[in-house]
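Worksheet for the structure shown next.
The values are calculated or read from the model by the stated rules, or taken from the named source; none is laboratory data. Bear in mind that the values here come from a model prediction, so they are computed numbers and not experimental data. So basically every Cβ, Gly included, is an ideal-geometry build from the backbone, and we count neighbours across all protein chains shown.
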Amino acid sequence: MSKSAISTPINSTQSNGTVASKTKLWLPKQVLITPAADSQPWGQQIVARVKDLGISVQKLSQNRITGLRGKTEKETYAIAKNTLAIVNAPPSQLKLTPIPPSADWQFHLAQGCPAHCQYCYLAGSLSGVPVVKAYGNLPQILANLSNYEQEDQDTTYEVSCYTDPLGIEHLTGSLAECIRYFGTRKSAYLRWVTKFDHVDQLLDLPHNGHTRCRVSVNADPVSHFMEGGTATVEERLQGLRKLALKGYPVGVVVAPIMAIANWQQHYENLFAKIRQALDFEGDLTFELITHRFTPKSKEVLQTWYPNSKLDLEEGDRAQKRNKFGGVKYVYARDTMTELKEFIQTQIITNFPQGEILYWT
Ligand code: SF4
């Protein structure tokens, strides 16, 4: 398939009233594979997909990814964000960690994301250059999950903590494989979230109701100016609608909620947009996450996005400490209360059947 054949070039309103995607699929400029991932059937499967997209794959002689640093931070960012490395997940990732309030456990099919969100939470949780690493040992990662299942109760797993799994799905097929796997489990449930919209390859999978698909959305000034390389909010919502109509449980993650100028009007507009797109009866959840940052994420984000208008002023925020003494900056109590009351009212008014899972 040629490169031009895989992007959908139009963004027009179709006869059924939906918006056609104009978001181009991410095509890395270089793809590397380590010997360890190359020895895995799933790694080979990713290689075949990448080659089908007209991209060549460079075999490395060692299992370390090096050589992605440029002369400046800007150059390093550009090189890394244009690179897909196919590697095996390190053994440490087979020891799962809890991820409250989103799910019982998190696991990873990749690490890193091709998009360019100026507030990206990965800046605080991942270290090193922002290369996308897709895991070649996915079957091993999935087989490990049953060790965490409880016999007598449902167990939930989040797979979007270190990547946007749909943003790289055309290159990996790994999200579809996870959905198929969870479709066979008795009491294990998958959760994933995206800012992309290319869902067509997921629509007919045997999900068995065991995967909840969510889109992350935000008010116009945030989504337009701070979420480079993603699908528009309208496109994401249409993607979610398609999934819901195929019987998937679905959800909306409003994140990161920001107290920008005229935030009431902007978030009211957002909920009107959501209501218009999600015009179906059914299982719909909401997750509400306010903007926060740490000293580390601020430093990294200011290196990646030196011209960003993102508000990272510690003086305007309240400090919250975790059990290890680390600090994060969240909105002050009054702002938080105002945001919470307003947004919860929007949901109750627009989606009486919707369930708010948490506010944080
Ligand atoms: Fe980061 Fe998510 Fe944006 Fe990707 S889509 S850059 S993971 S915030």
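Is there any pair with a first residue in region 334-360 that is within 15 Å of Gly251 (Cα to Cα) and a second that is of a type in the set (Asp, Glu) whose Cβ atoms are under 9 Å apart and which are 6 or more apart or on different chains, and what are they?
Short answer, once both residue conditions are applied: Gln353/Glu281; Gln353/Asp283; Glu355/Asp283; Ile356/Glu287; Leu357/Glu287; Tyr358/Glu287; Trp359/Glu287.
For Arg180, are the conditions met, namely being away from the ligand (no atom under 14 Å from the Cβ), within 17 Å of His108 (Cα to Cα) and either over 16 Å from the mean Cα position of the chain (by Cα) or not polar (S, T, N, Q) (or both)?
yes
Criterion first (surrounded by fewer than 16 Cβ atoms within 10 Å (Cβ to Cβ), at pLDDT 95 or above and part of a helix (DSSP H, G or I)) does Thr335 satisfy it?
No.
Got a sec? Which of Lys133, Lys95, Lys51 is more than 16 Å from Glu169 (Cα to Cα) and among the basic types (Lys, Arg)?
Answer to the check: Lys95.
With respect to Ser297, is the statement that it is polar (S, T, N, Q), within 15 Å of the ligand (Cβ to nearest atom), farther than 17 Å from Asp197 by Cβ and in a helix (DSSP H, G or I) true?
yes
Picking from Arg180, Arg212, which residue would you name as being assigned to a strand (DSSP E or B) and under 28 Å from Ala85 (Cα atoms)?
That would be Arg212, the only listed residue that is assigned to a strand (DSSP E or B) and under 28 Å from Ala85 (Cα atoms).
Yes or no: region 274-284 includes at least one residue that is among the small types (Gly, Ala, Ser) and either closer than 30 Å to Lys246 by Cβ or loosely packed, with under 12 Cβ neighbours inside 10 Å (or both).
Within region 274-284 (the criterion being among the small types (Gly, Ala, Ser) and either closer than 30 Å to Lys246 by Cβ or loosely packed, with under 12 Cβ neighbours inside 10 Å (or both)), the answer is yes, since at least one residue qualifies.
Cβ-Cβ below 7 Å, separation at least six or inter-chain, first residue in region 113-128 and closer than 23 Å to Leu25 by Cα, second in a strand (DSSP E or B) and more than 9 Å from the ligand (Cβ to nearest atom): which pairs?
Cys113/Val132; Pro114/Val132
I want to confirm something. Restricting to region 208-266 and keeping residues that are without any contact (Cβ under 8 Å) to a residue 24 or more places away in the chain and within 16 Å of the ligand (Cβ to nearest atom), which single residue is surrounded by the most Cβ atoms within 10 Å (Cβ to Cβ)?
Checked region 208-266; the qualifying residue surrounded by the most Cβ atoms within 10 Å (Cβ to Cβ) is Ser223.
If you scan region 11-36, which residues turn out to be at pLDDT 55 or above and polar (S, T, N, Q)?
Matches in region 11-36: Ser21, Thr23, Gln30, Thr34.
This table checks each residue for (1) touching a residue at least 40 places away in the same chain (Cβ under 8 Å); (2) closer than 17 Å to Tyr135 by Cα; (3) away from the ligand (no atom under 16 Å from the Cβ); (4) not hydroxyl-bearing (Ser, Thr, Tyr).
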{"residue": "Arg69", "(1), (2), (3), (4)": "yes, no, yes, yes"}
{"residue": "Glu73", "(1), (2), (3), (4)": "yes, no, yes, yes"}
{"residue": "Tyr77", "(1), (2), (3), (4)": "yes, no, no, no"}
{"residue": "Lys81", "(1), (2), (3), (4)": "yes, yes, no, yes"}
{"residue": "Ala85", "(1), (2), (3), (4)": "yes, yes, yes, yes"}
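For every residue, the table says whether it meets (1) surrounded by fewer than 19 Cβ atoms within 10 Å (Cβ to Cβ); (2) touching a Cys at 6+ places or on another chain (Cβ under 9 Å); (3) of a type in the set (Lys, Arg).
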| residue | (1), (2), (3) |
| --- | --- |
| Ala85 | no, no, no |
| Lys95 | yes, no, yes |
| Asp104 | no, no, no |
| Tyr119 | no, no, no |
| Gly124 | no, no, no |
| Gln140 | yes, no, no |
| Tyr148 | yes, no, no |
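I need a count of the residues in region 123-164 that are touching a helix residue (DSSP H, G or I) at 6+ places or on another chain (Cβ under 9 Å), closer than 24 Å to Phe182 by Cβ and at pLDDT below 95.
1
On the basis of being out of contact with any strand residue (DSSP E or B) (no Cβ under 8 Å at 6 or more places or on another chain) and modelled with pLDDT of 95 or more, does Leu203 make the cut?
It is true that Leu203 is out of contact with any strand residue (DSSP E or B) (no Cβ under 8 Å at 6 or more places or on another chain) and modelled with pLDDT of 95 or more.
Count, please, the residues in region 308-333 that happen to be over 13 Å from His291 (Cβ atoms) and free of Cβ contacts under 8 Å to residues at least 12 places away in the same chain.
7
In this structure, does Glu75 turn out to be in contact with a Phe, Trp or Tyr (Cβ under 9 Å, 6 or more places away or on another chain) and among the acidic types (Asp, Glu)?
no
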